[in-house]
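Asker: Below are the structure tokens for one structure; questions will follow.
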Amino acid sequence: MSSALPEAALKQPDPTRWKALAFIAVAQLMVVLDATIVNIALPTAQTDLGISDGNRQWVITAYALAFGGLLLFGGRIADIWGRKRTFITGLIGFAGASALGGAATGQEMLFASRALQGAFGALLAPAALSLLAVLFTDGKERAKAFGIYGAIAGGGGALGLILGGALTEFLNWRWTFFVNIPFAVVAVLGALAYINDPAGSRNRSPLDIPGVILSTTGLVSLVYGFTRAESHGWSDSITVTMFVASVVLLASFVGWESKAKAPLLPLRVLVDRNRGGVYLSLGLAVIAMFGLFLFLTFYLQVVKEFSALKTGFAFLPMIVGMITGSTQIGARLMLRLPARALMAPGFLTAAAGMLVLSQISVDSSYWGLLAPGMLLMGLGMGTAFMPAMSLATYGVETRDAGVASAMVNTSQQVGGAIGTALLNTIAASATTSWVTSHGSEAGTLGKQAFANAAAVHGYSTAIWWAVGILVVSATIAFTFVNAGRPGGGRSTVATAGGKADAEEQADAPLVAMH
């Protein structure tokens, strides 16, 4: 079998790889939890630290900007510096930033800690995914490993809502930061004992500094543009300036990468139709999913008057669905079906769940409508995430595994920023229109009931848009992703020298072995 690693290394897989997976999973869970755990605690932290309504968004935005902007840089650092070393450095830095956030005495200290969390998360996330890519080279083992990883990546965000609610209700908001420390300690100790970088897997090229600057500033401008659009509107002058700047910077980045001797993001990583299909379809799916988290959280807490803890537990059907979809459906069928036969139906199943949830009303039954809708969405997303995560490194050279993995995280992060801003804007517009057309009902319904009805109409309208986005995501996955199943023919596998080599894939259905 063609490979970027010595043949002997392929014949003797790392004996500690399954133990390594456990600690990689712990680290990934910490990062994914942090994406939502702080949301539940934000109102309490805002009151405690005296953060104004105008500034509270920076608790989320500071993290998103650093994480989204530095992901490509972090992925390439993992390739150059070594994935294990980058992984451990990311863990230690993330834990230190979390301790700073938990001990914050003012808003500036809290914002700074969130930016640091994002920066170290940008080292940690691509290092974790690329470690899986190079440690698991057998098709069946890889399916199981990515099934576990996919379940954590998909369900961790919803689990963060539960944990955030519990910590905020029974302890205080500071523990939504401190809880990361034990996760990091366990993962660091496990990494030191069980994680090994495969021999010959580093990229010895010098770091592409112009590429780092252009990609980081371009992605930061893009993420901030969408984040600002949510709070200041799409026509705001700074919002428009950020979008224009992002287009110019990212176009310049692509132009530079096409001629750089040692590019930060080799264009060969992007032009493969399977990887391109994964990045695009996954980014669109995350737009829909993040929007749903936002609307259901508000619906449950404001309209249904659930407590923070009860709101978190209300997301359990989605978590169960994601874990089942990843580990029981995706992982089992990955060796029998082409990737698009899992991704496209998975996204369509998620769309069906969204379609159910689009029917919400002020008095909707949790068990009659919300739970079934979330379960369906979780099943679909889990099933689709599983091959998507694995295909992130389809045919990629081992020296590029880190930056290819970073692209998955980048598509998710940018998708999350777009989803929150775009769908929130759609919901707000629909709510305003409903208020205008139903103004005569305000006296009959009462102030609070009228406000709830208007808000729910906005949520329903935005969720309908999310249904459409998921259908588009399924179409892209079916059209672009053409990786075969085991024994289904010949596939292009990239080698260390960058040349393509045709090889039968008896054991490796979805991804080129490294």
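Asker: Looking at this structure, is residue 77 in contact (Cβ under 8 Å) with a residue 12 or more places away in the chain and either within 21 Å of residue 402 (Cβ to Cβ) or in contact with a Pro (Cβ under 8 Å, 6 or more places away or on another chain) (or both)?
Answerer: yes
Asker: Let me ask another. Within the set of pairs 6 or more residues apart or between chains, which connect a residue that is in the same structural domain as residue 463 (by TED's automatic domain parsing) and exposed (fewer than 15 other Cβ atoms within 10 Å of the Cβ) inside region 417-440 to a residue that is of a type in the set (Ser, Thr, Tyr) and in a helix (DSSP H, G or I) with Cβ atoms less than 9 Å apart?
Answerer: Listed by first residue and then by second, the contacts come to 429/461; 433/461.
Asker: Also, I was wondering about something else. I'm trying to understand the selection: among the residues of region 50-63, which are crowded, with 18+ Cβ neighbours inside 10 Å and over 26 Å from the mean Cα position of the chain (by Cα)?
Answerer: Passing the criteria: only 51.
Asker: Which of the residues spanning region 329-339 are in a helix (DSSP H, G or I) and surrounded by 24 or more Cβ atoms within 10 Å (Cβ to Cβ)? So that I can check it myself, show each step before the final result.
Answerer: Step one: filter region 329-339 for residues in a helix (DSSP H, G or I), giving 329-333.
If the condition is that a residue be in a helix (DSSP H, G or I) and surrounded by 24 or more Cβ atoms within 10 Å (Cβ to Cβ), then 330, 331 are the ones that fit.
Asker: Scan (1) within 18 Å of residue 351 (Cβ to Cβ); (2) out of contact with any Gly (no Cβ under 9 Å at 6 or more places or on another chain) for the single condition residue 436 breaks and write down its number.
Answerer: If we test residue 436 against (1) within 18 Å of residue 351 (Cβ to Cβ); (2) out of contact with any Gly (no Cβ under 9 Å at 6 or more places or on another chain), just (1) comes out false.
Asker: Just to check your reading of the model, which residue among 374, 318, 354 is farther than 25 Å from residue 168 by Cα and in contact with a helix residue (DSSP H, G or I) (Cβ under 6 Å, 6 or more places away or on another chain)?
Answerer: Matching residue, one of 374, 318, 354: 354.
Asker: Let me ask something additional. Are any residues in region 296-334 charged (D, E, K, R) and within 18 Å of residue 380 (Cα to Cα), and if so, which ones?
Answerer: Selection gives 332 alone.
Asker: Determine the pairs where a residue that is buried (at least 21 other Cβ atoms within 10 Å of the Cβ), located within region 24-48, has a partner that is not in a helix (DSSP H, G or I) with Cβ atoms under 6 Å apart, the partner being 6 or more residues away or on another chain.
Answerer: What qualifies is 41/173; 45/173.
Asker: Quick one: what pairs do we get from region 225-247, first residue closer than 19 Å to residue 214 by Cβ, second of a type in the set (Ser, Thr, Tyr), C-beta under 7 Å, 6+ apart or different chains?
Answerer: Hits for this filter: 225/239; 225/246; 242/221; 242/224; 245/221; 246/221.
Asker: Of everything in region 110-139, what is modelled with pLDDT of 75 or more and within 22 Å of residue 381 (Cα to Cα)? Give them in sequence order.
Answerer: Within region 110-139, 125, 126, 128, 129, 130, 132, 133 qualify.
The values are calculated or read from the model by the stated rules, or taken from the named source; none is laboratory data. Here the structure is a predicted model, which is why all the values come from computation and not from measurement. Counting neighbours? That spans all protein chains shown, and the Cβs are built from the backbone with ideal geometry, glycine included.
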